[in-house]
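Asker: Following this message is one structure expressed as structure tokens.
The values are calculated or read from the model by the stated rules, or taken from the named source; none is laboratory data. Predicted model only: the values in this text are computed from it and were never measured. Glycine also receives a Cβ, built like all others from the backbone with ideal geometry; neighbour counts cover every protein chain displayed. To get the accessible areas, we keep the full protein, side chains included, count just its heavy atoms, and leave off ligands, DNA and RNA. Shrake-Rupley method; radii C 1.70, N 1.55, O 1.52, S 1.80 Å.
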Amino acid sequence: MKHVILVGDGMADYPLDELDGRTPLQVADKPNMDSLAAGGSCGLLKTVPDGMEAGSDVANLSIMGYDPERYYTGRGPLEAASIGVELSDEDVAFRCNLINADGVINDFNAGHIETSDATRLIEALNQHLETPGRFYPGVSYRNLFVIPGRGYRDVRTYPPHDIVGEAVDEHLPQGSEEALHIRELMTSSRKILESHEVNLKRKSEGKRRATMIWLWGQGPRPSMEPLTERYGLRGATITAVDLIKGLGIYAGLDNIEVPGATGYIDTDYRAKGRYAADALEEYDFLYIHVEAPDEAGHAGDLEEKIRAIENIDRLVLGPVLDRITEYEHRIAVLPDHPTPVEVRTHVHDPVPYLIHGEGVKGDHVTSYDEKEASKGSLGLMEGHRLIDILMNPEGKFNQR
């Protein structure tokens, strides 16, 4: 049997006045999702446990079948795995954003800086900042810093996408002696980056500069039982986001590189759909992740969020459905967390989800959205239970 989980990052939202009290999912033209919901079982999934931050790391860990309260150690180590950085037992990995700030955080991504520019800036940090740690280039603004010392696990850091528009000094790391070193690296990075030729060129071209680094999301290497062992299958991720690739590596999944997949609103949806459909021949399980709705939510761009949902439905889900009918299968569709356009950041609310396929009975839900899914027969469930239901051929549906 083939199993597919399709995650539209941040798709869920709140009712909006400009949509006459409806959500982007309710107004988007998404016939494939609606058809699956109408023929399958729906419910609400609590992907972020109480007391944990509503990050994509926690939420996707949950969707992959790992209870975050047991397995989550931080975002940094997940991204370390994705770029091939092996962590020792003493290492702590931080996510290193390149951001634009001038006393106030203007953005969390330096104008979605190109990877080639970001790599040169990361190299400069290694040359000029004094630290026992090391910086590693990733994709665009998403980079990595690894440093030995268990004390760095306890530094209090802040996700930069949650504090755009707020003062830098109010959100610098706190909580331990090691926090002083992390603060020093962040503040010292300003002088190195602002005078770098990459930023001088970006300024001349009217692009946003990367004026400092932001270190956050740190943690040690996690210990996770691979899904390949748990379920006896061969699986893969399709994503442009490093943390999802890293989760997949720890879960024993291959990563399928898709040309043109960017982790942004300009991602090549068609290529993702085509590669996912082709991968069904080789893999038993696919975890397909599309970041675009989340990026639109962070930007407060309602039109782009609706467009992203429609593109996922038509260009990613459509080709998968055309091909998957050749096999016995089950498919789940859901966001990892809501990213409401009015809030512009992640929230803890449960997300709507659907499961369709072999042995799944319809539950009279008429479309896929937050309101309809709440009426579904699967009710409210903890996120890490989803994959067991999806994988278990004797899984029980239509029971609260």
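Asker: Given the convex hull over the Cα atoms of the stretch 264-329, what projected area results after averaging over all orientations, in nm²?
Answerer: If you wrap the Cα atoms of the stretch 264-329 in a convex hull and average its projections, you get 4.3 nm².
Asker: Trypsin sites (Lys or Arg not before Pro) within the stretch 66-165: which are DSSP loop residues with at most 10 other Cβ atoms inside 10 Å?
Answerer: Those that pass, being in a loop and sparsely packed, number zero.
Asker: Using a 10 angstrom cutoff on alpha carbons, build the Gaussian network for the chain and name the most mobile of GLY300, GLY376, GLY206.
Answerer: Residue with maximal mean-square fluctuation among GLY300, GLY376, GLY206: GLY206.
Asker: Check each of the chymotrypsin sites (Phe, Trp or Tyr not before Pro) in the stretch 88-174 and keep only those in coil by DSSP with at most 15 other C-beta atoms within 10 angstrom; list them in order.
Answerer: none
Asker: FRET efficiency for GLU205 and GLU86, Cβ-Cβ distance as r, R0 = 25 Å, nearest 0.05?
Answerer: Between GLU205 and GLU86 the formula returns 0.10.
Asker: On the full set of protein chains, 1.4 Å probe, figure out the accessible area of ILE249 and give it in Å² to the nearest 10.
Answerer: 80
Asker: Mind checking the full-extension length gain between GLU197 and ASP322? Use 0.36 nm per residue of separation minus the Cα-Cα distance, one decimal, nm.
Answerer: 40.1 nm
Asker: Shifting gears a bit: Kirkwood Rh over alpha-carbon pairs of the chain, then Stokes-Einstein at 4 °C and 1.567 mPa s: what D in µm² s⁻¹, rounded to an integer?
Answerer: Estimated via Stokes-Einstein, D reaches 61 µm²/s.
Asker: Given the chain, what percent of its DSSP beta bridges are antiparallel, to the nearest 5?
Answerer: Bridges in the chain that DSSP calls antiparallel: roughly 60 percent.
Asker: Mind checking Rg over Rh on the stretch 244-366, alpha carbons, Kirkwood formula for Rh?
Answerer: 0.97
Asker: Another question, then. Mean-square fluctuation check for the chain, GNM, Cα pairs under 10 Å: which of THR119, THR237, THR47 is largest?
Answerer: THR119
Asker: Just flag the GluC sites (Glu not before Pro) in the stretch 1-97 sitting in loop per DSSP whose Cβ has no more than 15 other Cβ atoms within 10 Å.
Answerer: Counting only loop positions with at most 15 other Cβ atoms within 10 Å, the GluC sites (Glu not before Pro) in the stretch 1-97 are GLU86, GLU90.
Asker: Over 18 Å between C-alpha atoms is what I'm after, so list which of LYS203/LYS305; LYS46/LYS375; LYS30/LYS305; LYS30/LYS361 land there.
Answerer: The answer is LYS203/LYS305; LYS30/LYS361.
Asker: Sorted by accessible area with a 1.4 angstrom probe, largest first, how do ASP294, ASP117 fall?
Answerer: Greatest to least solvent exposure: ASP117, ASP294.
Asker: Of the heavy-atom accessible surface of the stretch 60-115 (probe 1.4 angstrom), what whole percent is carbon and sulfur?
Answerer: On the stretch 60-115, the fraction of accessible area on carbon and sulfur atoms equals 40 percent.
Asker: To continue, here is another question. Determine, for each peptide in 307-317, 58-68, the mean count of other beta carbons within 10 angstrom over its residues, then list the peptides with the highest first.
Answerer: By packing density, highest mean first, the sequence is 58-68, 307-317.
Asker: Accessible area per residue of the chain at 1.4 Å probe, in Å²?
Answerer: Normalised by residue count, the accessible surface of the chain is 40 Å².
Asker: Further question: For the chain, what does the helix formula give at 222 nm: sum of -39500 (n - 2.57) over DSSP H segments with n ≥ 4, over the residue count, nearest 500 deg cm²/dmol?
Answerer: It comes out at -9000 deg cm²/dmol, rounded to the nearest 500.
Asker: For the stretch 1-50, taking Cα atoms only, what is the radius of gyration to one decimal and the Dmax to the nearest whole Å?
Answerer: Cα only, the stretch 1-50: 13.3, 43 Å (Rg, Dmax).
Asker: Determine one quarter of the surface area of the Cα convex hull of the stretch 49-112, which equals its mean projected area, and express it in nm² to one decimal.
Answerer: About 6.2 nm², averaged over all directions.
Asker: Using a 10 Å cut-off on Cβ atoms, rank the peptides 355-361, 170-176 from the highest mean neighbour count down.
Answerer: 355-361, 170-176
Asker: Related question: What are the ³J(HN,Hα) values, in whole Hz, obtained from phi via the Karplus relation 6.51 cos²θ - 1.76 cosθ + 1.60 with θ = phi - 60°, for each residue of the stretch 234-240 in sequence order, with x given for Gly and Pro?
Answerer: Coupling constants for the stretch 234-240: 10, x, 8, 9, 10, 7, 9 Hz.
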